[in-house]
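Shown next, in structure tokens, is the structure this report addresses.
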Amino acid sequence: MKATVISRTSIYVAAGRAIGAREPDTSVRNPDYLAEPLLGDPSALGLDHPAVRALTLPYDQAMQHVEVANIVRAMLIRTRFIDEALERAVAGGATQLVILGAGFDSHAYRFQSLLKPAKVFEVDRLATQALKKQRVDAVLGGPPANLTYVPVDFQHDDLPAVLTRHGYDPGQRTFFILEGVTMYVPEESVRATLRFVGSHPAGSGIVFDFVYRTMIDWLTNTEPHTLSRPAQAFVARFRNVLKDEPWLFGVPVGQEREFLAECGLVLREAFTIGGDESLKRYVTKADGTQVGAETIAAAMARLEQHTGRTRRRLGAYQIADAVVA
């Protein structure tokens, strides 16, 4: 995808956070209260996605759509997991925060008080970053004084060199957020980024999401005619979302600990987004019900009526927290 094109997925996931921030139950509400104002009117960009369309609907009505319920739950898990990891990192002495592929990430703005003693760097492609800066100026009157925007091409630029030119100090304990990025870049770029993180002082760390290689292989190689009609529709919709931003990299199944070790990092925690642990921790209300549960259960029942492997394929999506030993 050309660097001059705004990332569609950055819009879609921000829409998912925005809808999740409307959840009436505060215990399972997405904490990203800035997602919706920062987005503004994404329909003005000519983007068509269920989560974008759902921004015009009441919350309960929006959550009746399985694609909306799925992205709302996934973004709730991602946002809360990353928020917790960030708070832990700053409490542990991190003095720099680097947000890679920042998109409409709001941590620099939602956590201004926590991050006041730290330097914050938002790293992204120029076109997406330009739109983000426009929205920050319009909604917040400008960025915090400790925030630096760093334009970069992840596949071609030397990330450490670009960061250093913008005032970054690789000798400081640093926390990295790499959300929604690893699957979109080649393996060597992922390894180079993680090795860069691993070169930092002990106590530095990173939180990131990733998919297993089997998920990419399945999406790439599956012939639609071999699937049930509901599964065909699911794959078609998913491929349409990824058509301009294809998934390129996945970690070998169950090898995340070894993969990180090769880059100088120690896995602290990892689990499936949408798996039992994530649902219990972040999606379950006080009364035991879960956000979007009925909508998703009905959709999964239709899929698994024909293929019991669908859920396992979806389970290939993970989130992890790693540190420099």
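No value in this document is a laboratory result; all are computed from the given coordinates. Keep in mind that this is a model prediction, so the values were computed, not measured. Cβ atoms come from the backbone with ideal geometry, glycine included; neighbour counts cover every protein chain shown.
Calculate the spin-label point distance for Ala91 paired with Arg191, positioning each point 7 Å from the Cα along the beta-carbon direction, and give it in nanometres.
The modelled label-to-label distance comes out at 3.6 nm.
Arrange Val120, Val72, Val139 by Cβ neighbour counts within 10 Å, fewest through most, would you?
Taking fewest neighbouring Cβ atoms as first place, the list is Val139, Val120, Val72.
Using a Förster radius of 35 Å, what is the FRET efficiency between Ala130 and Glu262 based on their Cβ-Cβ separation? Nearest 0.05, please. Don't skip to the end; give the middle numbers.
Values: r = 35 Å, r/R0 = 1.01.
About 0.50, to the nearest 0.05.
Note the full-extension length gain between Gln112 and Thr164 as 0.36 nm times their separation in residues minus their Cα-Cα distance, in nm to one decimal.
My answer for the length gained is 16.5 nm.
Pop a pseudo-label 7 angstrom from the Cα along the beta-carbon direction at both Gln64 and Thr284 and give the gap in nm to one decimal.
Between Gln64 and Thr284, the label points sit 2.8 nm apart.
Using 0.36 nm per residue of separation minus the Cα-Cα distance, give me the extension gain between Asn221 and Ala202 in nm, one decimal.
Working it through step by step, the gained length comes to 2.7 nm.
Calculated FRET efficiency, Asp157 and Arg29, Cβ-Cβ r, R0 51 Å, to nearest 0.05?
0.85
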